[in-house]
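For reference, the structure is listed below as structure tokens.
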Amino acid sequence: MISIRHLSKTFHNPDGSTLTVLKDVNCDIEKGEVISIIGPSGTGKSTLLRAINMLEPPTAGEIWFNGENIMAHGYPLNKMRQKMGMVFQSFNLFEHKTVLENITYAPMELLKMSERVAKDEAMELLRKVGMAQKADVYPSSLSGGQKQRVAIARSLAMHPDVILFDEPTSALDPTMVGEVLSVIRQLAKSGLTMLIVTHEMRFARDVSTRIFFMNDGIIYEDGTPEQIFEHPVHSATKAFVNRIQKLKYDIDSDNFDFLQIHTEINRFCIKYNITGKEELAYSLLKEMLFTHMRSLRPLTFRLTHTELSGVTALDFMVEGLNESPLKDAARESVRRQVKELIEEPTTRGFRIKLII
Ligand code: ADP
Ligand code: MG
């Protein structure tokens, strides 16, 4: 469906400097594939999507779409864009049109669909994304997650061959990420071809037929989710997919702001989809700080989570300590609540690590 050959993009900045963002991108995308594009920020993922639908005209290379070279001079880009939908981070809905009008507008205007057919199809799509009850409201009254679901329905209304998603959940409050991802999951099952730039690693692993790891302006590694996440060839891929999310606190005295820590643990757990562990993390933190390690200040507390493996850990580090502060009874109490308890000397002190 899409073939990309030696695609490059260089930006010319006003100060005369240049920045080559896409260096030599090559790939073939078949009908029905669901491809997640992952990689560090600033590596050209958005630029690639925008180049594919010519919102950002490439500097050199070729893009073939359904057998036609869309970079050919004079190629009708509007025709191509009707078949290639795009969903943005920031929704881009028409604020002065109702939800229903947002969806029926392009099919009536561009596909010359009758109002009745366009409305029937729009209602069907709204039902599909769980938004039928909001058909007559204006976007300003919707949450971010609801807006994004409408934006997806609007894109589907054009009967596209492929939809490009540019971080569809990254502008959303963490509590709304799930509803948007589940709509995309459902589309993946239906066989729609999709290219999805995302930071949601587990989602990418579950939903995709193939993963592109972008790094430094090229598709650095390309493979099935299993290849990329379990057996990456390159060390940069491995480091990226196994990266660890962290929350860190230096606790110097007992006057620290415990409410703030609580709030941040709550946010962290929502963000990484581990709300089931929140209560345990919080109660273990209290037990360690106020009982077993009460006299040990300063100490550094870290909450870490490896998205891909699902491993969550609380770790307590005290400098200058050379043996475990845990008494037998304390050790027993903690061990009963965790998957693993690790007590280990470090170069500068002693660490207790609880895997939950
Ligand atoms: P990603 O989506 O992977 O985070 P982007 O494709 O947005 O990366 O950006 C890649 C690089 O290109 C960044 O350094 C960004 O600043 C630069 N860039 C993106 N768009 C433009 C532009 N219109 N003009 C100049 N530089 C740009
Ligand atoms: Mg981007």
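Taking the criterion of being surrounded by fewer than 19 Cβ atoms within 10 Å (Cβ to Cβ) and either aliphatic (A, V, I, L, M) or in contact with a strand residue (DSSP E or B) (Cβ under 7 Å, 6 or more places away or on another chain) (or both), would at least one residue in the stretch 286-293 satisfy it?
Checked against the condition, which is being surrounded by fewer than 19 Cβ atoms within 10 Å (Cβ to Cβ) and either aliphatic (A, V, I, L, M) or in contact with a strand residue (DSSP E or B) (Cβ under 7 Å, 6 or more places away or on another chain) (or both), the stretch 286-293 yields no hits at all.
Scan the stretch 198-225 residue by residue and report those that are in a loop (DSSP other than H, G, I, E, B) and of a type outside the set (Gly, Ala, Ser).
Matches in the stretch 198-225: 198, 199, 200, 209, 216, 224.
Only one of 68, 62, 33 is away from ligand 1 (no atom under 13 Å from the Cβ) and touching a Phe, Trp or Tyr at 6+ places or on another chain (Cβ under 9 Å). Can you tell me which?
Exactly one residue qualifies, and that residue is 68.
Just to verify a result, which residue in the stretch 1-30, among those that are within 12 Å of ligand 1 (Cβ to nearest atom), without any contact (Cβ under 8 Å) to a residue 24 or more places away in the chain and not acidic (Asp, Glu), is nearest to residue 229 (Cα to Cα)?
19
If you take the residues of the stretch 160-176 that are touching a residue at least 40 places away in the same chain (Cβ under 8 Å) and away from ligand 2 (no atom under 16 Å from the Cβ), which of them is surrounded by the fewest Cβ atoms within 10 Å (Cβ to Cβ)? Let's see the steps before the verdict.
First pass over the stretch 160-176, keeping only residues touching a residue at least 40 places away in the same chain (Cβ under 8 Å): 160-168, 170-171, 174-175.
Next cut, away from ligand 2 (no atom under 16 Å from the Cβ) only: 160-163, 174-175.
Details: 160: 18, 161: 17, 162: 23, 163: 21, 174: 16, 175: 13.
Filtering the stretch 160-176 for residues that are touching a residue at least 40 places away in the same chain (Cβ under 8 Å) and away from ligand 2 (no atom under 16 Å from the Cβ), the one surrounded by the fewest Cβ atoms within 10 Å (Cβ to Cβ) comes out as 175.
Filter the stretch 4-44 down to residues that are surrounded by 15 or more Cβ atoms within 10 Å (Cβ to Cβ) and small (Gly, Ala, Ser) and give me whichever is nearest to residue 69 (Cα to Cα).
Among them, the one singled out is 8.
With the requirement that a residue be surrounded by 14 or more Cβ atoms within 10 Å (Cβ to Cβ) and assigned to a strand (DSSP E or B), what does the stretch 333-350 give you?
Correct list: 341, 343, 349, 350.
Select the strands (runs of 3 or more DSSP E) contained entirely in the stretch 1-77, then report the ones holding at least 3 residues which are polar (S, T, N, Q) and at pLDDT 95 or above.
2-12
From the set of residues in the stretch 35-94 that are of a type in the set (Ser, Thr, Tyr) and touching a strand residue (DSSP E or B) at 6+ places or on another chain (Cβ under 8 Å), which is nearest to ligand 2 (Cβ to nearest atom)?
For the stretch 35-94, the residue satisfying everything is 46.
Report yes if some residue within the stretch 74-93 is within 16 Å of ligand 1 (Cβ to nearest atom) and β-branched (Val, Ile, Thr); otherwise report no.
Yes, some residue in the stretch 74-93 is within 16 Å of ligand 1 (Cβ to nearest atom) and β-branched (Val, Ile, Thr).
Restricting to the stretch 244-259, give me the number of residues that are modelled with pLDDT of 90 or more and either of a type in the set (Ser, Thr, Tyr) or part of a helix (DSSP H, G or I) (or both).
Total satisfying the criteria: 1.
Taking the condition of being hydrophobic (A, V, I, L, M, F, W, C) and in contact with a Gly (Cβ under 6 Å, 6 or more places away or on another chain), how many residues in the stretch 197-242 meet it? Give the steps one after another, and end with the answer.
Our first condition is that a residue be hydrophobic (A, V, I, L, M, F, W, C); within the stretch 197-242, this holds for 197, 201, 203-204, 207, 211-214, 218-219, 228-229, 233, 236, 239-241.
Now drop any that are not in contact with a Gly (Cβ under 6 Å, 6 or more places away or on another chain), which leaves 213-214.
Count: 2.
Looking at (1) more than 16 Å from ligand 1 (Cβ to nearest atom); (2) surrounded by 15 or more Cβ atoms within 10 Å (Cβ to Cβ), which is the only condition residue 233 fails?
(2)
Any residue at all in the stretch 188-207 that is touching a strand residue (DSSP E or B) at 6+ places or on another chain (Cβ under 7 Å), surrounded by fewer than 18 Cβ atoms within 10 Å (Cβ to Cβ) and within 17 Å of residue 312 (Cβ to Cβ)?
No, the stretch 188-207 contains no residue that is touching a strand residue (DSSP E or B) at 6+ places or on another chain (Cβ under 7 Å), surrounded by fewer than 18 Cβ atoms within 10 Å (Cβ to Cβ) and within 17 Å of residue 312 (Cβ to Cβ).
The values are calculated or read from the model by the stated rules, or taken from the named source; none is laboratory data. Please read these numbers as outputs of a predicted model, since none were measured by experiment. Here the Cβ is made from the backbone with ideal geometry for all residues, glycine too, and neighbour counts use every protein chain on show.
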